[in-house]
Amino acid sequence: MERLVRYFVERHLLVNVITLAVVSVGVLTMLRTRIEVFPTIDLPSFMITAELPGAAPRDVEAKITIPLEEAIAEVDGIEHYTTVVTQNRSVTTVDLDDDTPRERILEKERELRDAVDGVSDFPSDMRDDPGFFRLDPSKQPVLEIALAGPADVLPGVAKELERRIRRLPEIGDVGTVGLPDPEVRVYVDPDLARAHGVALLDVVRALERRNVSATGGPLETARARRQVVMWGRFEDASEIGDVILRFDPSAGAEGAVRLADVARLEVGREDTGLLAGTNGRGGLSLIPQKRSDGDLVRAQRSIVALIEGFELPPGVEATIVNDSSYEIRNRLEIIANNGAMGITLVALIVFLFLAPSAATWVCIGVPLVILGVLVVMPQFGIGINFVSTIAFVVVLGLLVDDAVVIAEKILLKRQEGMSPKEAAIAGTSEVARPVMASAVATLIAFAPILAIGGFPQRIIWQLPAVVCIALALSLLEAFLILPAHMSMVRGETQPRPKRRFVLRLEAMYRGLLERWLPRRGRIIAAFAVAWLVIMLGIAPRMQFEFFPQDDARGFFIKVNTPIGTPLERTEAVLDAIQVQIPPIMGRDLMGITARVGHQDIYGIDREDGSAENEGLISAYIDLENRTLTAADWIDRIKDELRVPEGASVVFEAAL
């Protein structure tokens, strides 16, 4: 160790270059590293969705779910699968073993896709093939843009906003909730159809024959080459009424019976069994999702800037809620504030006990190590997320321990008369073993977390990894960089002696050691008894709460009306409840969104409903200016809310 320390102490230029390089590369890496909520992982889970319009749950199970599950059962290596069947829809979740490696996950994905594609006995009225998705937490919704306004204006505003958001480089997809696809409903008059000799199936076949497109291949002549294309698809709803059903000499001059002669056409939107609302008004929501390699915070900022610069028509309002970047932005802000406070307090303590020159170099080592960690993190596939930021909080107070011990020993050698260089070499070499033993003991405490298997290991492995990287770099900084910096002293000026109160503290501590070391057996026994009392008497009585509700971003109100209640009646019940919330919460309320047709608190991007008698109200709190927590507001609203007769509500914190 002495030869290695001497090598760097005698090469000040090299040490300064290394320091500047770490600072420069660290700042550049910090600006370029993407920020996300959770680490990028490959989940061993897949989702298969299928829809059968107008079918009851039992019919969906018999015609869709059972054939799908039979195909899935033939694939080897499946841990288990579950299916949720609702009206019109079947959703099957397939899970592999938690320890399945990435290559195996991709292999099973191909096998499952082939198995689903091989199902051939789906009903003929099933319009779309089953959807197959591999769950990817990196493609998460960034936020929810809740729009409210006139029904005839909102679709145009939503489409324009969607088009602009899709252009943002961080955005991969944009979902729309509450804006079903347009459709034309054909209402056949039985009397007119009978008079013209037209059956209902004649109408269906005529529409199918008319609404087609096909490519006939190339047509070549001596001078030109043309592509033959047959295009008969409807471009406008008015064209549907002109479809010819049959020819009848008594039908007029043309002798053609058209659809408009026997039916009434109504332009509307698809009935998905779902209604959306915002702040007690009818509306819709846009759900932008970031790309898998996109930065969550940059995506959020770009969307907010776009919304602020977008001119909304009169009567239309946009509210940003369910911002998934708030937690990570808040965490980074806490780390920055705590880091600044920590470095300031460390500096005060170090300057109080050590000489100013040594204290300065010890304090400089903290941001230097943090920047070094940021340089190394991408090499291990670690980004800035919840887990890695927790690691920074944990390790922040440990980074100066080694440096303080080494700096104090170097100062002691200087006071004994050694030159700055020799004091740096001798002081560092003497405490090398205990300092390394202390760091290794800390590493051993965190390293076993890396051995946790299964799904938890995929999430939290970055915590011990960042801690170990930080402690290793702090050792390198303390052994190689700090001694070289402390040896950069001109002349042979002796360092300032210890302050009197420090000498008194050392004397008191020395006296305590001399008094209690002969009684070390009693002291160890006393600590053992205290440990047993805490572990057996106090710890079992402590309550465990995985996600505290104090930090919840809002709360949900699940509304149930009697079975058989129409969608419009359930919407009226939700409106009656929503209108009571703003006067109660006041400025604490950021916004309210409503979904009529389901109660899936995790399905903010669901575009279809499952039960007309169910509804979900989401109330979001202004976390930066709130006066009460989500739990407090739930208790207060429970006492003051007047629930319409026949309806029931359940409250749940939005964790």
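Every number in this text was worked out from the coordinates using simple rules, so none of it is lab data. Keep in mind that this is a model prediction, so the values were computed, not measured. Ideal geometry is used to build each Cβ from the backbone, glycine not excepted, and the neighbour counts take in all protein chains shown.
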* Asked: Could you name the lysines in cross-link range of Lys108, using Cα to Cα under 23 Å and dropping any fewer than eight places away on the same chain?
  -> Lys139
* To one decimal place, what Kirkwood hydrodynamic radius in Å is obtained for segment 43-99 from all pairs of distinct Cα atoms? -> 11.7 Å
* Asked: So, with +1 on the Cβ of K and R and -1 on the Cβ of D and E, and no other charges, what is the size of the charge dipole of the chain about its Cα centre, to the nearest 20 debye?
  -> 4340 debye
* Hey, if you drop one equal point scatterer on each alpha-carbon of segment 549-653 and run the Debye formula without solvent, what base-10 log of I(q)/I(0) do you get at q = 0.16, 0.19 Å⁻¹? -> -0.66, -0.91
* To do: Kindly rank 511-522, 235-246 from highest to lowest mean number of other beta carbons found within 10 Å of each residue.
  => 235-246, 511-522
* Asked: Taking the highest mean first, how do the peptides 397-405, 639-647 order by number of other beta carbon atoms within 10 angstrom per residue?
  -> 397-405, 639-647
* Under 17 Å from the Cα of Lys638, which lysines turn up, not counting those fewer than eight places away in the same chain? -> Lys558
* Qualifying lysines (Cα of each under 30 Å from Cα of Lys498; at least 8 residues distant if same chain) -> Lys409, Lys413, Lys421
* At q = 0.19, 0.23, 0.26 Å⁻¹, base-10 log of I(q)/I(0) for segment 369-452 (Debye sum, equal scatterers on each alpha carbon) -> -0.93, -1.12, -1.25
* To do: Just flag the trypsin sites (Lys or Arg not before Pro) in segment 394-492 sitting in loop per DSSP whose Cβ has no more than 10 other Cβ atoms within 10 Å.
  => Arg490
* For segment 157-241, run through the chymotrypsin sites (Phe, Trp or Tyr not before Pro) and keep only the ones in DSSP coil with at most 16 other Cβ atoms within 10 Å of their Cβ. => Phe234
* **Rg and Dmax [Cα atoms of segment 396-534; Å; Rg one decimal, Dmax integer]** => 19.9, 60
* **For the chain, diffusion coefficient by Stokes-Einstein and Kirkwood Rh (Cα), 4 °C, 1.567 mPa s, µm²/s** => 42 µm²/s
* **Rotationally averaged projected area of segment 256-321 (alpha carbon convex hull; nm²)** => 9.3 nm²
* Using amide H atoms built 1.01 Å from N in the peptide plane, name the residues 5+ places from Val142, or on other chains, whose amide H lies under 5 Å from its own. => Gln289, Lys290
* To do: Sort largest first and round to whole Å: the equivalent ellipsoid semi-axes of segment 433-485, each the square root of five times a Cα gyration tensor eigenvalue.
  => 27, 12, 4
* Asked: Out of residues 5 or more away from Ile384 or on other chains, whose amide H comes under 5 Å of its own, with H placed 1.01 Å from N in the peptide plane?
  -> Arg34, Glu36
* Note down the relative contact order for the chain as a percent, whole number, built from C-alpha pairs under 8 angstrom at least six residues apart. => 18 percent
* To do: With all distinct Cα pairs included, what does the Kirkwood hydrodynamic radius of segment 283-363 come out to in Å, to one decimal, could you say?
  => 16.7 Å
* **segment 129-195, Rg to Rh (Cα coordinates; Rh as Kirkwood inverse mean 1/r)** => 1.18
* Structure fact -> segment 603-655, convex hull of Cα, quarter of hull surface, nm² -> 5.1 nm²
* Kirkwood hydrodynamic radius (Cα pairs, Å) of segment 84-159? -> 16.7 Å
* Asked: Given N residues in segment 201-316, what is Rg(Cα) / (2.2 N^0.38 Å)?
  -> 1.82
* To do: Largest first and to the nearest Å, give the Cα extent of segment 1-127 along each principal axis.
  => 82, 29, 20
* segment 313-472: mean projected area of Cα convex hull, nm² -> 14.0 nm²
* Structure fact -> One can check that the equivalent ellipsoid of segment 499-594, built from the alpha-carbon gyration tensor with semi-axes equal to the square roots of five times its eigenvalues, has lengths in Å, largest first, of 64, 22, 7
